[in-house]
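> Quick one: this structure, given as structure tokens, is what I'll be asking you about.
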Amino acid sequence: MKTLSLFSIIAALAMPVQAQAGDQMDKAAQMRLAAAANDTAAITRFLDDGARIDAANAFGRTALMMAAEDGRSQSARLLLARGADINSRSVNGLTPLSLAAGNGYAGLTAMLLSRGAASKSATRAGRNALMISARFGQLSVMDALIRATGDLEKADRKGRTALILAAAGGHAPVIVKLAENGANLDARDKSGATALMIAADRNHLAAVRKLLQLGANPHLKDANGDTAYEIARQNGHYRIFKLLQQAGRIS
């Protein structure tokens, strides 16, 4: 009986602490939702009521990240004014900047950069905000990120640069922007593939045409000994392999 009584006392003492922790977590979760909805009044209320500003969900997303991902500039400004970590990282290494830029929110991207967001911070896959934005074709944020990042030849864990990632997504305007700023058209990933090869493999005709116009070399071979022409032919991408055949004068 004495043992049972002791357990009962310990449980009773722990309940207020557990309830308080649960209440804090609930407030933080609601604050993150408020940030995504751009409800600044609710954010203020939760913060004033003790919610931790950088409390993250199971994926490591904070309220500022939620605001950045949905382009909620007012929420982001409020959270930063209240002390949110501008360079917080999710479980996979995303930051408020990479989320804003990757979704094409140019104004929010510029604001985060002006307040000290780390442009070179990379995800677990090795991609910074510029590379993520290039992959998703977000032309509107390119100028700001190119200025902030500087290094256009930074490669991810697969050896892919921003230009290669743009080609993989078939984003011809982004390819042009990167090339105009000095990106290497013939950079290779870890398999020896160039942007031209990857665009040909994925049947991105506009990207292939633009890369050729910009001066990409159609004669280079990947680790398997294949050129972009041979890759397109093997995949049955007729219009691309005809274009490459003409460009490379291949019979």
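> When the Karplus curve 6.51 cos²θ - 1.76 cosθ + 1.60 is applied with θ = phi - 60°, which whole-Hz ³J(HN,Hα) does each residue of segment 124-135 get, with x for Gly and Pro?
Karplus values, whole Hz, x for Gly and Pro: 4, 7, x, 10, 8, 4, 4, 5, 5, 5, 5, 4.
> Same structure, new question: Say R0 is 22 Å: what FRET efficiency, to the nearest 0.05, do Asp49 and Ser73 get from their beta-carbon distance?
Result of the calculation: an efficiency of 0.40.
> Quick check: net charge around Asp226, other residues with Cβ under 12 Å of its Cβ, Lys/Arg +1 and Asp/Glu -1?
Local net charge: -1.
> Place a +1 charge on the Cβ of each Lys and Arg in the chain and a -1 charge on the Cβ of each Asp and Glu, then give the dipole magnitude about the Cα centre in debye, rounded to the nearest 20.
Charge dipole of the chain: 460 debye, to the nearest 20.
> How far apart, in nanometres, would the label points at Asn92 and Arg147 be if each is projected 7 angstrom from Cα along the Cα-to-Cβ direction?
3.0 nm
> How big is the convex hull of the Cα atoms of the chain, per residue, in Å³?
Here the figure is 156 Å³ per residue.
> Let me ask something else. Please find the FRET efficiency linking Asp85 to Ser140, where r is the Cβ-Cβ separation and R0 is fixed at 25 Å, and quote it to the nearest 0.05.
Here the calculated transfer efficiency is 0.45.
> Give me the extension gain from Gln246 to Arg124: residue separation times 0.36 nm, minus the current Cα-Cα distance, reported in nm with one decimal.
Computed gain between Gln246 and Arg124 is 39.9 nm.
> If you take the square roots of the eigenvalues of the alpha-carbon gyration tensor of segment 53-139 and sort them as a ≥ b ≥ c, do you get rounded (a/c under 1.5), prolate (a/b over b/c) or oblate?
Here segment 53-139 falls in the oblate category.
> When the helices in the chain are scored as -39500 (n - 2.57) per DSSP H run of 4 or longer and the sum is shared across all residues, what 222 nm value do you end up with, to the nearest 500 deg cm²/dmol?
Theoretical 222 nm ellipticity from helices: -17000 deg cm²/dmol.
> Here is a follow-up. Here are some pairs, Lys154/Lys210; Lys190/Lys210; Lys190/Lys221; Lys158/Lys210; which of them have Cα atoms lying more than 18 Å apart in this structure?
Listed pairs above 18 Å: Lys154/Lys210; Lys190/Lys210; Lys158/Lys210.
> Work out from phi, with θ = phi - 60° and the Karplus expression 6.51 cos²θ - 1.76 cosθ + 1.60, the ³J(HN,Hα) of each residue of segment 236-243, listed in order in whole Hz, and give x for Gly and Pro.
For segment 236-243, the Karplus curve yields x, 8, 4, 5, 6, 5, 5, 5 Hz.
> Assuming R0 = 35 Å, can you tell me the calculated FRET efficiency for the pair Arg157 and Ala206, based on Cβ-Cβ distance, to the nearest 0.05?
0.80
> Can you pull the three principal axis extents for the Cα set of segment 124-235, in Å, largest first?
Here the Cα extents, ordered largest to smallest, are 39, 28, 20 Å.
> Among Met66, Met111, Met31, which one moves the most in a GNM of the chain with springs linking Cα atoms closer than 10 Å?
Of Met66, Met111, Met31, the most mobile in the Gaussian network model is Met111.
Quick note: the coordinates plus some simple rules give every number you see, no bench work behind them. Since the structure is predicted, the reported quantities are computational estimates derived from the model, not experimental observations. FYI the Cβ positions are ideal-geometry reconstructions off the backbone, even for glycines, and counts take in every protein chain you see.
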